[in-house]
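*Asks:* Quick one: structure below, then a few questions.
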Amino acid sequence: MSPAVKFFLGLALVVLLLLASPFLVEAGLRAYDRRRDPYTGPAAVVMEAGAARQGLNRRLFHEVRFPTTGLGLRLRASGLPRESADSFSRPVRGKVRLLRLGGPDDAIPGPRPPASATELGAFEFRLEPVSMRAVVPEARPDAGLGGAPAPTPRETFEVLCDLVPATPEERPAADDFAALRFPAETACEIDVEFHAPVPVSNRLEVVYSKSIRSLLRGTALQPLSDRLIGPERTKASR
């Protein structure tokens, strides 16, 4: 092989390495964060947000530890008899809105968000059950009245539901909602409005992930990076 051919082959290799280097660094950052930091997994962080009721439920989202993404919501209903556990979620519909606040002090109690809040995303939702667990209270050893045997404890069920787009037309808005990213200490309000009654015994859960580091996010190379090494976010497995 002539010296000229070796030179041009070496030059081509250097050029290829230079072109590939941003994507290699990006892939390395993603792999490192995903393997070393469990908070970066899908729905890795679960924040209990209290009991919900029919109508508007206002909740503060204020993660001070790290930047976040992948916001999602769940409703965990408990104390349900079998006949309700299988069907309670079907008529429940509502709307989720995410509002940016000037700071956590803006999240004051009241029937509506502060006038200064800015809407970042919204979608109409329905409930989609993802798991159901039977709960059997421990039997009491003491007898009932008059020495009769104590009644058998009643079996109830706990059902976990995701708040998912109500229709296919709502899917893009819901995907945009989940793709939003927030620097640490960003103050937001999550409004969850239920248009139908929900079980008395329940609690809302807000799930999210720590945002992984990226060199190419928001640049012209991001679409190509997503095609070569995959998207940053992956869906939670059930």
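*Asks:* Summing +1 for each Lys or Arg and -1 for each Asp or Glu, what net charge is found among the other residues whose Cβ lies under 15 Å from the Cβ of Pro197? Before the final figure, lay out the partial values.
*Replies:* Values: positive: Arg53, Arg90, Arg93, Arg126; negative: Glu193.
It works out to a net charge of +3.
*Asks:* Report the full-extension gain for the segment Ala179 to Glu155: residue separation times 0.36 nm, less the Cα-Cα distance, to one decimal in nm. Let's see the in-between values first.
*Replies:* Values: separation 24, 0.36 × 24 = 8.64 nm, distance 3.95 nm.
This chain segment gains 4.7 nm when fully extended.
*Asks:* Can you check what the net charge comes to around Gly121, using other residues whose Cβ is under 14 Å from the Cβ of Gly121 (Lys, Arg +1; Asp, Glu -1)?
*Replies:* Within the 14 Å Cβ shell, the charges total -2.
*Asks:* In nm, what is the difference between 0.36 nm times the number of residues separating Thr118 and Val136 and their Cα-Cα distance?
*Replies:* 1.9 nm
*Asks:* Pull up all non-local amide H partners of Ala51: gap of 5 or more, or a different chain, and H-to-H distance under 5 Å with H placed in the peptide plane.
*Replies:* For Ala51, the qualifying residues are Leu204.
*Asks:* Turning to a different aspect of this structure: As a test of reading the structure, rank Met47, Met1, Met132 by solvent-accessible area (1.4 Å probe, protein chains only), most first.
*Replies:* Correct descending sequence by accessible area is Met1, Met132, Met47.
*Asks:* For a quick check of understanding: with a 1.4 angstrom probe and all protein chains in place, what accessible area in square angstrom does Thr167 have, to the nearest ten?
*Replies:* Ignoring ligands and nucleic acids, Thr167 comes out at about 60 Å².
*Asks:* Solvent-accessible area of Asp86, probe 1.4 Å, all protein chains present, reported in Å² to the nearest ten, please.
*Replies:* Here the accessible area works out near 80 Å².
*Asks:* Lys and Arg at +1, Asp and Glu at -1: add these up for the other residues within a Cβ distance under 12 Å of Ala173 and post the number.
*Replies:* Working: positive: Lys95, Arg97, Arg171; negative: Glu119, Glu124, Glu169, Glu170, Asp175, Asp176.
Local charge sum for Ala173: -3.
*Asks:* Quick check for you: with a 1.4 Å probe and neighbouring chains kept, what is the accessible area per residue of segment 48-129, in Å²?
*Replies:* About 51 Å² of surface per residue is accessible.
The values are calculated or read from the model by the stated rules, or taken from the named source; none is laboratory data. All values derive from a computational prediction rather than experimental measurement. Neighbour counts are summed over all protein chains in view; Cβ atoms, including those assigned to glycine, are modelled from backbone coordinates with ideal geometry. SASA here: full protein model, heavy atoms, side chains in, ligands and nucleic acids out. Shrake-Rupley method; radii C 1.70, N 1.55, O 1.52, S 1.80 Å.
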